[in-house]
1. The stretch 122-156 to the stretch 1-76: how many Å between their Cα centroids?
2. Roughly how many percent of the accessible protein surface of the chain is carbon and sulfur, given a 1.4 Å probe and a whole-percent answer?
3. Please report the relative contact order for the stretch 195-411, taking Cα pairs under 8 Å with a sequence separation of at least 6, and give it as a percent rounded to a whole number.
4. Using DSSP to define loop residues, name the GluC sites (Glu not before Pro) in the stretch 264-302 whose beta-carbon has at most 12 other beta-carbon atoms within 10 Å.
5. Can you tell me the orientation of helix 369-384 relative to the chain, as the angle in degrees between its alpha-carbon axis and the longest Cα principal axis, to the nearest 10?
6. As I understand it, the value is the acute angle between the Cα axis of helix 322-333 and the longest principal axis of the Cα atoms of the chain; what does it come to in degrees, rounded to 10?
7. Given Thr283, Tyr333, Gly70, which one lies farthest toward the positive end of the charge dipole of the chain, if we put +1 on the Cβ of every Lys and Arg and -1 on the Cβ of every Asp and Glu?
8. Only loop residues by DSSP count here, and only those with at most 10 other Cβ atoms within 10 Å; note down the trypsin sites (Lys or Arg not before Pro) in the stretch 126-221 that meet that.
Amino acid sequence: MSVELDRRLAETGTSFLLFPQPRFLRKRDGSPLFPAPETVTVSVPPGEVRAGPADDRVFVVDAIGKTRYGQFNRPPYRGPAHPPVTPGEDGHFTHLVPGTRAFSAATMYATVRRVLDLWEDYFGHRIDWHFESDFARLELIPLIEWDNAQSGYGFLEFGFGRRPNGAIDHDLPYCENFDVLAHELGHSIVFTEVGTPSSPDDRGIDYGGLHESGGDLTAIIALLHFDSFVDHLLDETRGNLLTINGLDRVGELSDSREIRVAFNSRRMSDVGEEPHDRSLPLTGALFDTMVEVFQQELVRVGLIDQQLREDSNNLPGSSVDLEDIARRFSAAYEGHAEEFKAALLLARDYLGTLLAVTWGDLSPDFLTYHDVLRGLVRADRRITGGANQPIIRDCFAWREIAPVPDSLLLRPHSLVDCGLRTQQATDSPTRVLLVDHVADQPSADGHRRVAATTGPAGT
Ligand SMILES: [Zn+2]
(Lines give C-alpha, C1' and ligand atoms only; values in the text may rest on other atoms or scores of the structure.)
Protein backbone atom coordinates (compact mmCIF):
# COMPACT_ATOMS: atom_id res chain seq x y z
CA MET A 1 0.00 0.00 0.00
CA SER A 2 1.39 3.38 -0.91
CA VAL A 3 2.56 5.66 1.88
CA GLU A 4 -0.03 8.28 0.85
CA LEU A 5 -2.97 5.87 0.96
CA ASP A 6 -1.77 4.56 4.31
CA ARG A 7 -1.74 8.11 5.69
CA ARG A 8 -5.25 8.74 4.42
CA LEU A 9 -6.54 5.49 5.94
CA ALA A 10 -5.02 6.44 9.27
CA GLU A 11 -7.42 9.40 9.33
CA THR A 12 -10.56 7.58 8.20
CA GLY A 13 -10.22 3.98 9.46
CA THR A 14 -10.51 2.17 12.78
CA SER A 15 -7.39 1.85 14.94
CA PHE A 16 -5.99 -1.16 16.77
CA LEU A 17 -2.73 -1.95 18.56
CA LEU A 18 -0.57 -4.59 16.87
CA PHE A 19 2.87 -6.00 17.57
CA PRO A 20 4.87 -6.46 14.33
CA GLN A 21 6.50 -9.59 15.73
CA PRO A 22 5.51 -11.96 18.54
CA ARG A 23 6.02 -10.41 21.95
CA PHE A 24 8.30 -13.29 22.98
CA LEU A 25 11.06 -12.42 20.46
CA ARG A 26 13.99 -11.14 22.54
CA LYS A 27 17.07 -9.04 22.00
CA ARG A 28 20.47 -10.41 22.99
CA ASP A 29 20.13 -8.66 26.35
CA GLY A 30 16.84 -10.47 27.03
CA SER A 31 14.57 -7.45 26.56
CA PRO A 32 11.66 -7.68 24.06
CA LEU A 33 12.61 -7.01 20.44
CA PHE A 34 9.42 -4.98 19.89
CA PRO A 35 8.39 -3.87 23.39
CA ALA A 36 5.46 -1.67 22.34
CA PRO A 37 2.64 -2.31 19.87
CA GLU A 38 2.08 0.02 16.93
CA THR A 39 -1.19 1.75 16.17
CA VAL A 40 -2.48 0.18 12.97
CA THR A 41 -5.56 1.38 11.12
CA VAL A 42 -7.87 -0.84 9.09
CA SER A 43 -9.92 0.60 6.23
CA VAL A 44 -13.31 0.09 7.91
CA PRO A 45 -14.46 3.40 9.48
CA PRO A 46 -15.06 3.67 13.24
CA GLY A 47 -18.63 2.64 14.02
CA GLU A 48 -18.64 0.09 11.19
CA VAL A 49 -16.35 -2.35 12.97
CA ARG A 50 -18.93 -4.05 15.13
CA ALA A 51 -18.52 -5.96 18.38
CA GLY A 52 -16.56 -9.15 17.78
CA PRO A 53 -14.66 -7.44 16.24
CA ALA A 54 -16.61 -8.03 13.05
CA ASP A 55 -17.39 -6.46 9.69
CA ASP A 56 -18.81 -7.60 6.36
CA ARG A 57 -15.67 -9.62 5.41
CA VAL A 58 -14.38 -11.17 8.66
CA PHE A 59 -15.63 -11.81 12.19
CA VAL A 60 -14.18 -13.12 15.43
CA VAL A 61 -15.83 -15.74 17.63
CA ASP A 62 -13.96 -16.29 20.89
CA ALA A 63 -15.13 -19.86 21.35
CA ILE A 64 -15.15 -21.54 24.77
CA GLY A 65 -13.77 -25.08 25.06
CA LYS A 66 -13.76 -25.60 21.29
CA THR A 67 -11.90 -28.50 19.75
CA ARG A 68 -10.48 -28.05 16.30
CA TYR A 69 -12.49 -28.41 13.15
CA GLY A 70 -12.17 -31.72 11.37
CA GLN A 71 -13.93 -33.81 8.81
CA PHE A 72 -17.27 -33.93 10.67
CA ASN A 73 -17.03 -30.63 12.41
CA ARG A 74 -17.03 -27.55 10.21
CA PRO A 75 -17.88 -23.86 10.41
CA PRO A 76 -19.90 -21.96 11.36
CA TYR A 77 -19.18 -22.39 15.07
CA ARG A 78 -22.41 -22.55 17.09
CA GLY A 79 -21.10 -23.44 20.56
CA PRO A 80 -20.57 -21.27 23.65
CA ALA A 81 -18.40 -18.19 23.28
CA HIS A 82 -16.99 -15.33 25.32
CA PRO A 83 -18.77 -11.98 24.83
CA PRO A 84 -17.74 -10.16 21.66
CA VAL A 85 -15.06 -7.50 22.09
CA THR A 86 -16.57 -4.03 21.87
CA PRO A 87 -14.93 -0.82 20.60
CA GLY A 88 -14.19 2.13 22.87
CA GLU A 89 -16.49 5.15 22.87
CA ASP A 90 -14.52 6.62 19.97
CA GLY A 91 -15.19 3.51 17.84
CA HIS A 92 -11.52 2.39 18.01
CA PHE A 93 -10.04 -0.65 19.76
CA THR A 94 -6.83 0.92 21.09
CA HIS A 95 -8.06 0.71 24.71
CA LEU A 96 -7.44 -3.05 24.93
CA VAL A 97 -4.58 -4.27 27.12
CA PRO A 98 -1.93 -6.69 25.78
CA GLY A 99 -2.09 -10.04 27.55
CA THR A 100 -5.88 -10.11 27.77
CA ARG A 101 -8.27 -12.35 25.80
CA ALA A 102 -9.92 -9.30 24.31
CA PHE A 103 -6.56 -8.05 23.03
CA SER A 104 -5.86 -11.42 21.36
CA ALA A 105 -9.28 -11.43 19.67
CA ALA A 106 -8.88 -7.86 18.42
CA THR A 107 -5.33 -8.60 17.21
CA MET A 108 -6.56 -11.50 15.09
CA TYR A 109 -9.26 -9.36 13.48
CA ALA A 110 -6.99 -6.37 12.86
CA THR A 111 -4.16 -8.47 11.41
CA VAL A 112 -6.38 -10.24 8.91
CA ARG A 113 -8.26 -7.07 7.99
CA ARG A 114 -5.05 -5.07 7.60
CA VAL A 115 -3.37 -7.68 5.38
CA LEU A 116 -6.52 -7.88 3.27
CA ASP A 117 -6.54 -4.06 2.93
CA LEU A 118 -2.91 -3.99 1.81
CA TRP A 119 -3.35 -6.66 -0.81
CA GLU A 120 -6.65 -5.36 -2.14
CA ASP A 121 -4.80 -2.11 -2.76
CA TYR A 122 -2.02 -3.90 -4.70
CA PHE A 123 -4.58 -5.81 -6.75
CA GLY A 124 -6.66 -2.70 -7.29
CA HIS A 125 -9.86 -4.61 -6.58
CA ARG A 126 -11.72 -6.48 -3.88
CA ILE A 127 -10.30 -9.97 -3.19
CA ASP A 128 -13.29 -12.28 -2.91
CA TRP A 129 -13.08 -15.34 -0.68
CA HIS A 130 -12.42 -18.66 -2.37
CA PHE A 131 -15.14 -20.17 -0.13
CA GLU A 132 -17.80 -17.60 -1.09
CA SER A 133 -20.14 -20.27 -2.47
CA ASP A 134 -20.67 -21.44 1.13
CA PHE A 135 -19.79 -18.55 3.46
CA ALA A 136 -19.97 -14.78 3.09
CA ARG A 137 -17.37 -14.05 5.76
CA LEU A 138 -14.14 -15.51 7.10
CA GLU A 139 -14.59 -16.93 10.62
CA LEU A 140 -11.71 -16.23 13.02
CA ILE A 141 -11.34 -18.22 16.23
CA PRO A 142 -8.47 -16.82 18.28
CA LEU A 143 -7.77 -19.09 21.27
CA ILE A 144 -8.66 -22.77 21.03
CA GLU A 145 -7.21 -25.44 23.30
CA TRP A 146 -4.68 -26.79 20.83
CA ASP A 147 -0.91 -26.50 20.47
CA ASN A 148 -1.29 -25.74 16.77
CA ALA A 149 -3.21 -23.55 14.32
CA GLN A 150 -4.95 -24.16 11.01
CA SER A 151 -6.58 -22.38 8.14
CA GLY A 152 -9.37 -24.10 6.29
CA TYR A 153 -12.40 -23.58 4.09
CA GLY A 154 -14.04 -20.50 5.57
CA PHE A 155 -12.10 -20.28 8.82
CA LEU A 156 -8.85 -19.63 10.65
CA GLU A 157 -8.52 -21.15 14.11
CA PHE A 158 -5.50 -20.64 16.28
CA GLY A 159 -4.19 -22.26 19.46
CA PHE A 160 -1.01 -21.79 21.49
CA GLY A 161 2.68 -22.57 21.46
CA ARG A 162 4.18 -25.30 23.63
CA ARG A 163 6.32 -25.26 26.76
CA PRO A 164 9.58 -27.26 26.75
CA ASN A 165 7.73 -30.00 28.71
CA GLY A 166 5.17 -30.30 25.89
CA ALA A 167 2.26 -28.61 27.70
CA ILE A 168 0.22 -25.85 26.04
CA ASP A 169 1.76 -22.45 26.76
CA HIS A 170 -1.11 -20.01 27.22
CA ASP A 171 1.38 -17.13 27.17
CA LEU A 172 2.12 -17.79 23.48
CA PRO A 173 -1.13 -17.40 21.52
CA TYR A 174 -0.47 -18.01 17.82
CA CYS A 175 -3.19 -15.52 16.90
CA GLU A 176 -0.85 -12.72 18.03
CA ASN A 177 1.82 -13.84 15.57
CA PHE A 178 1.42 -11.41 12.68
CA ASP A 179 3.62 -13.50 10.35
CA VAL A 180 1.60 -16.67 10.80
CA LEU A 181 -1.79 -15.01 10.28
CA ALA A 182 -0.57 -13.05 7.27
CA HIS A 183 0.94 -16.22 5.77
CA GLU A 184 -2.35 -18.09 6.13
CA LEU A 185 -4.27 -15.22 4.56
CA GLY A 186 -1.75 -15.34 1.71
CA HIS A 187 -2.94 -18.87 0.93
CA SER A 188 -6.51 -17.53 0.61
CA ILE A 189 -5.33 -14.80 -1.75
CA VAL A 190 -3.48 -17.32 -3.96
CA PHE A 191 -6.55 -19.59 -4.00
CA THR A 192 -8.71 -16.70 -5.18
CA GLU A 193 -6.35 -14.99 -7.57
CA VAL A 194 -4.42 -17.94 -9.08
CA GLY A 195 -7.05 -20.67 -8.59
CA THR A 196 -6.47 -24.41 -8.26
CA PRO A 197 -5.27 -27.02 -10.79
CA SER A 198 -8.19 -28.68 -12.53
CA SER A 199 -6.62 -31.90 -13.83
CA PRO A 200 -6.14 -34.96 -11.58
CA ASP A 201 -2.99 -35.68 -13.63
CA ASP A 202 -1.44 -32.42 -12.51
CA ARG A 203 1.01 -33.15 -9.66
CA GLY A 204 1.12 -29.46 -8.84
CA ILE A 205 4.71 -29.50 -7.56
CA ASP A 206 5.55 -25.92 -8.48
CA TYR A 207 1.97 -24.90 -7.69
CA GLY A 208 2.58 -26.12 -4.12
CA GLY A 209 5.82 -24.14 -3.95
CA LEU A 210 4.08 -21.05 -5.31
CA HIS A 211 1.42 -21.35 -2.58
CA GLU A 212 3.95 -21.44 0.25
CA SER A 213 6.03 -18.71 -1.33
CA GLY A 214 2.86 -16.68 -1.82
CA GLY A 215 2.02 -17.03 1.88
CA ASP A 216 5.51 -15.93 2.90
CA LEU A 217 5.65 -12.98 0.51
CA THR A 218 2.18 -11.86 1.58
CA ALA A 219 3.50 -11.79 5.14
CA ILE A 220 6.87 -10.16 4.36
CA ILE A 221 5.32 -7.33 2.37
CA ALA A 222 2.70 -6.81 5.08
CA LEU A 223 5.44 -6.77 7.76
CA LEU A 224 7.24 -4.05 5.81
CA HIS A 225 4.25 -1.80 6.57
CA PHE A 226 5.26 -1.61 10.26
CA ASP A 227 7.48 1.43 10.82
CA SER A 228 9.21 -0.19 13.79
CA PHE A 229 9.99 -3.30 11.75
CA VAL A 230 11.41 -1.38 8.78
CA ASP A 231 13.45 0.90 11.06
CA HIS A 232 14.87 -2.09 12.91
CA LEU A 233 15.70 -3.97 9.71
CA LEU A 234 17.51 -0.99 8.18
CA ASP A 235 19.32 -0.01 11.38
CA GLU A 236 20.52 -3.56 11.88
CA THR A 237 21.75 -4.02 8.29
CA ARG A 238 22.64 -0.36 7.53
CA GLY A 239 20.70 -0.86 4.30
CA ASN A 240 22.87 -3.78 3.13
CA LEU A 241 19.97 -6.12 2.41
CA LEU A 242 21.14 -8.42 -0.33
CA THR A 243 20.25 -11.89 0.86
CA ILE A 244 22.79 -14.13 -0.77
CA ASN A 245 25.49 -13.33 1.74
CA GLY A 246 23.48 -14.80 4.58
CA LEU A 247 21.36 -14.00 7.56
CA ASP A 248 24.07 -12.74 9.87
CA ARG A 249 23.46 -9.09 9.04
CA VAL A 250 19.84 -9.01 10.20
CA GLY A 251 20.87 -9.72 13.81
CA GLU A 252 18.04 -10.42 16.21
CA LEU A 253 15.47 -10.34 13.44
CA SER A 254 16.84 -13.68 12.25
CA ASP A 255 14.56 -15.25 14.90
CA SER A 256 11.64 -14.24 12.71
CA ARG A 257 10.57 -17.06 10.43
CA GLU A 258 9.60 -14.75 7.59
CA ILE A 259 12.99 -13.03 7.69
CA ARG A 260 14.77 -16.39 7.62
CA VAL A 261 12.70 -17.36 4.60
CA ALA A 262 13.40 -14.06 2.80
CA PHE A 263 17.14 -14.18 3.46
CA ASN A 264 17.65 -17.68 2.08
CA SER A 265 20.25 -18.58 -0.54
CA ARG A 266 18.72 -21.81 -1.87
CA ARG A 267 18.66 -22.60 -5.58
CA MET A 268 16.52 -25.11 -7.45
CA SER A 269 19.30 -27.72 -7.31
CA ASP A 270 19.22 -27.46 -3.48
CA VAL A 271 15.53 -28.26 -3.01
CA GLY A 272 13.12 -31.14 -3.49
CA GLU A 273 9.41 -31.38 -4.14
CA GLU A 274 8.09 -30.70 -0.61
CA PRO A 275 6.19 -27.39 -0.93
CA HIS A 276 7.93 -25.42 1.88
CA ASP A 277 11.36 -26.55 0.70
CA ARG A 278 10.51 -25.87 -2.93
CA SER A 279 9.17 -22.40 -2.15
CA LEU A 280 12.57 -21.13 -0.99
CA PRO A 281 14.27 -20.38 -4.35
CA LEU A 282 11.11 -18.61 -5.59
CA THR A 283 10.75 -16.53 -2.43
CA GLY A 284 14.47 -15.74 -2.50
CA ALA A 285 14.37 -14.67 -6.15
CA LEU A 286 11.44 -12.34 -5.48
CA PHE A 287 12.92 -10.88 -2.30
CA ASP A 288 16.19 -10.29 -4.14
CA THR A 289 14.24 -8.57 -6.91
CA MET A 290 12.85 -6.19 -4.31
CA VAL A 291 16.32 -5.58 -2.84
CA GLU A 292 17.79 -4.91 -6.30
CA VAL A 293 15.03 -2.39 -7.03
CA PHE A 294 15.79 -0.80 -3.63
CA GLN A 295 19.49 -0.56 -4.49
CA GLN A 296 18.71 0.78 -7.95
CA GLU A 297 16.70 3.55 -6.28
CA LEU A 298 19.54 4.25 -3.82
CA VAL A 299 21.87 4.75 -6.78
CA ARG A 300 19.33 6.91 -8.61
CA VAL A 301 18.95 9.34 -5.71
CA GLY A 302 22.70 9.35 -5.06
CA LEU A 303 22.74 7.56 -1.68
CA ILE A 304 25.13 4.82 -2.87
CA ASP A 305 27.28 4.62 -5.99
CA GLN A 306 26.96 2.08 -8.77
CA GLN A 307 30.26 0.49 -7.77
CA LEU A 308 28.94 -0.39 -4.29
CA ARG A 309 25.79 -1.81 -5.86
CA GLU A 310 27.81 -4.03 -8.19
CA ASP A 311 30.26 -5.10 -5.49
CA SER A 312 27.46 -6.08 -3.11
CA ASN A 313 25.82 -8.19 -5.81
CA ASN A 314 28.81 -10.48 -6.14
CA LEU A 315 28.16 -14.05 -5.21
CA PRO A 316 29.34 -15.79 -2.06
CA GLY A 317 32.86 -17.14 -2.43
CA SER A 318 33.97 -14.31 -4.69
CA SER A 319 36.97 -12.20 -3.79
CA VAL A 320 34.81 -9.26 -2.73
CA ASP A 321 35.54 -8.08 0.80
CA LEU A 322 32.20 -8.31 2.63
CA GLU A 323 33.54 -6.29 5.55
CA ASP A 324 34.46 -3.51 3.18
CA ILE A 325 30.96 -3.55 1.64
CA ALA A 326 29.41 -3.39 5.10
CA ARG A 327 31.59 -0.39 5.97
CA ARG A 328 30.64 1.42 2.77
CA PHE A 329 26.90 0.79 3.34
CA SER A 330 27.26 1.96 6.92
CA ALA A 331 28.88 5.20 5.78
CA ALA A 332 26.14 5.76 3.17
CA TYR A 333 23.36 5.03 5.70
CA GLU A 334 24.70 7.39 8.38
CA GLY A 335 22.38 10.39 8.61
CA HIS A 336 20.17 9.12 5.75
CA ALA A 337 17.89 6.62 7.47
CA GLU A 338 14.72 8.31 6.22
CA GLU A 339 15.87 8.34 2.59
CA PHE A 340 16.87 4.67 2.79
CA LYS A 341 13.44 3.92 4.24
CA ALA A 342 11.66 5.80 1.44
CA ALA A 343 13.62 3.77 -1.14
CA LEU A 344 12.75 0.49 0.60
CA LEU A 345 9.05 1.34 0.75
CA LEU A 346 9.12 2.18 -2.95
CA ALA A 347 10.67 -1.23 -3.67
CA ARG A 348 8.14 -2.91 -1.34
CA ASP A 349 5.22 -1.41 -3.24
CA TYR A 350 6.80 -2.35 -6.56
CA LEU A 351 7.04 -6.00 -5.44
CA GLY A 352 3.48 -5.98 -4.08
CA THR A 353 2.10 -4.63 -7.36
CA LEU A 354 4.32 -6.96 -9.41
CA LEU A 355 3.03 -10.02 -7.54
CA ALA A 356 -0.60 -8.89 -7.76
CA VAL A 357 -0.43 -8.39 -11.54
CA THR A 358 1.43 -11.69 -11.97
CA TRP A 359 -0.84 -13.82 -9.76
CA GLY A 360 -3.92 -12.31 -11.36
CA ASP A 361 -2.78 -13.53 -14.80
CA LEU A 362 -1.35 -16.99 -13.97
CA SER A 363 -3.05 -20.24 -14.90
CA PRO A 364 -2.88 -22.80 -12.06
CA ASP A 365 -2.91 -25.74 -14.50
CA PHE A 366 0.43 -27.55 -14.85
CA LEU A 367 2.02 -24.42 -13.47
CA THR A 368 5.82 -24.18 -13.44
CA TYR A 369 8.13 -21.61 -11.87
CA HIS A 370 9.12 -20.71 -15.39
CA ASP A 371 5.50 -19.68 -16.03
CA VAL A 372 5.76 -17.49 -12.94
CA LEU A 373 8.97 -15.93 -14.26
CA ARG A 374 7.34 -15.17 -17.62
CA GLY A 375 4.33 -13.73 -15.80
CA LEU A 376 6.63 -11.47 -13.77
CA VAL A 377 8.47 -10.24 -16.86
CA ARG A 378 5.14 -9.44 -18.51
CA ALA A 379 3.81 -7.80 -15.35
CA ASP A 380 6.89 -5.59 -15.17
CA ARG A 381 6.26 -4.46 -18.72
CA ARG A 382 2.80 -3.31 -17.63
CA ILE A 383 4.01 -1.61 -14.45
CA THR A 384 7.32 0.00 -15.47
CA GLY A 385 7.42 -0.44 -19.25
CA GLY A 386 9.97 -3.22 -18.72
CA ALA A 387 12.52 -1.20 -16.76
CA ASN A 388 13.09 -3.91 -14.14
CA GLN A 389 13.04 -6.92 -16.45
CA PRO A 390 16.86 -7.32 -16.38
CA ILE A 391 16.74 -7.44 -12.56
CA ILE A 392 14.03 -10.11 -12.59
CA ARG A 393 15.91 -12.21 -15.17
CA ASP A 394 19.17 -12.01 -13.21
CA CYS A 395 17.61 -12.87 -9.85
CA PHE A 396 15.75 -15.85 -11.29
CA ALA A 397 18.75 -17.09 -13.27
CA TRP A 398 20.84 -17.12 -10.08
CA ARG A 399 18.15 -19.27 -8.41
CA GLU A 400 18.25 -21.64 -11.41
CA ILE A 401 14.62 -20.96 -12.27
CA ALA A 402 14.42 -21.65 -16.01
CA PRO A 403 12.30 -23.65 -18.46
CA VAL A 404 12.01 -27.32 -17.38
CA PRO A 405 14.59 -29.41 -19.30
CA ASP A 406 12.03 -31.10 -21.58
CA SER A 407 10.05 -27.92 -22.22
CA LEU A 408 8.81 -27.55 -25.77
CA LEU A 409 9.97 -23.95 -25.47
CA LEU A 410 13.57 -25.17 -25.62
CA ARG A 411 13.14 -27.21 -28.79
CA PRO A 412 14.76 -25.51 -31.79
CA HIS A 413 12.83 -25.54 -35.03
CA SER A 414 15.06 -25.95 -38.07
CA LEU A 415 13.91 -25.24 -41.60
CA VAL A 416 13.60 -29.00 -42.08
CA ASP A 417 11.32 -29.29 -39.01
CA CYS A 418 9.19 -26.54 -40.40
CA GLY A 419 8.95 -28.10 -43.89
CA LEU A 420 10.82 -25.17 -45.35
CA ARG A 421 13.76 -27.30 -46.46
CA THR A 422 14.28 -30.96 -47.40
CA GLN A 423 16.89 -33.29 -45.87
CA GLN A 424 19.18 -33.08 -48.97
CA ALA A 425 22.61 -31.59 -48.58
CA THR A 426 21.84 -28.93 -51.12
CA ASP A 427 19.02 -26.51 -50.56
CA SER A 428 18.11 -26.23 -54.22
CA PRO A 429 14.97 -28.43 -53.84
CA THR A 430 13.71 -25.96 -51.25
CA ARG A 431 14.06 -23.17 -53.71
CA VAL A 432 12.18 -25.22 -56.27
CA LEU A 433 9.50 -25.99 -53.74
CA LEU A 434 9.12 -22.36 -52.75
CA VAL A 435 9.29 -21.13 -56.30
CA ASP A 436 6.70 -23.72 -57.27
CA HIS A 437 4.55 -22.55 -54.44
CA VAL A 438 4.59 -18.93 -55.34
CA ALA A 439 5.30 -19.10 -59.06
CA ASP A 440 1.73 -18.66 -60.14
CA GLN A 441 0.86 -15.92 -57.73
CA PRO A 442 1.57 -12.54 -59.24
CA SER A 443 2.35 -9.86 -56.71
CA ALA A 444 0.34 -6.71 -56.40
CA ASP A 445 2.53 -4.87 -58.88
CA GLY A 446 2.09 -7.65 -61.44
CA HIS A 447 5.66 -8.96 -61.15
CA ARG A 448 6.44 -12.52 -60.22
CA ARG A 449 8.05 -12.91 -56.80
CA VAL A 450 11.48 -14.45 -56.45
CA ALA A 451 11.55 -16.99 -53.67
CA ALA A 452 14.47 -16.56 -51.32
CA THR A 453 15.93 -18.86 -48.72
CA THR A 454 15.47 -17.65 -45.18
CA GLY A 455 18.91 -18.37 -43.79
CA PRO A 456 20.91 -21.38 -42.70
CA ALA A 457 19.12 -24.41 -41.28
CA GLY A 458 18.83 -24.56 -37.51
CA THR A 459 18.17 -20.88 -36.82
ZN1 LIG B 1 1.67 -22.21 4.26
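The values are calculated or read from the model by the stated rules, or taken from the named source; none is laboratory data. For clarity, every value in this text was computed on a predicted model and none was experimentally measured. Glycine gets a Cβ as well: all are built from the backbone with ideal geometry, and neighbour counts include every protein chain shown. To get the accessible areas, we keep the full protein, side chains included, count just its heavy atoms, and leave off ligands, DNA and RNA. Shrake-Rupley method; radii C 1.70, N 1.55, O 1.52, S 1.80 Å.
1. Centre-to-centre distance over Cα atoms comes out at 14 Å.
2. Values: 10990 of 21380 Å².
Exposed carbon and sulfur together represent 51 percent of the surface.
3. On the way: 262 pairs, mean separation 59.1, N = 217.
Reported relative contact order: 27 percent.
4. Numbers: sites: Glu273, Glu292, Glu297; in loops: Glu273.
Here the GluC sites (Glu not before Pro) that fit, given the DSSP loop and packing criteria, are Glu273.
5. Tilt relative to the chain: about 90 degrees.
6. Taking Cα atoms only, the helix is inclined about 70 degrees.
7. Sorting the options by dipole projection puts first Gly70.
8. Working: sites: Arg126, Arg137, Arg162, Arg203; in loops: Arg126, Arg137, Arg203.
For trypsin sites (Lys or Arg not before Pro) across the stretch 126-221 that sit outside H, G, I, E and B with at most 10 neighbouring Cβ atoms in 10 Å, the list reads Arg126.
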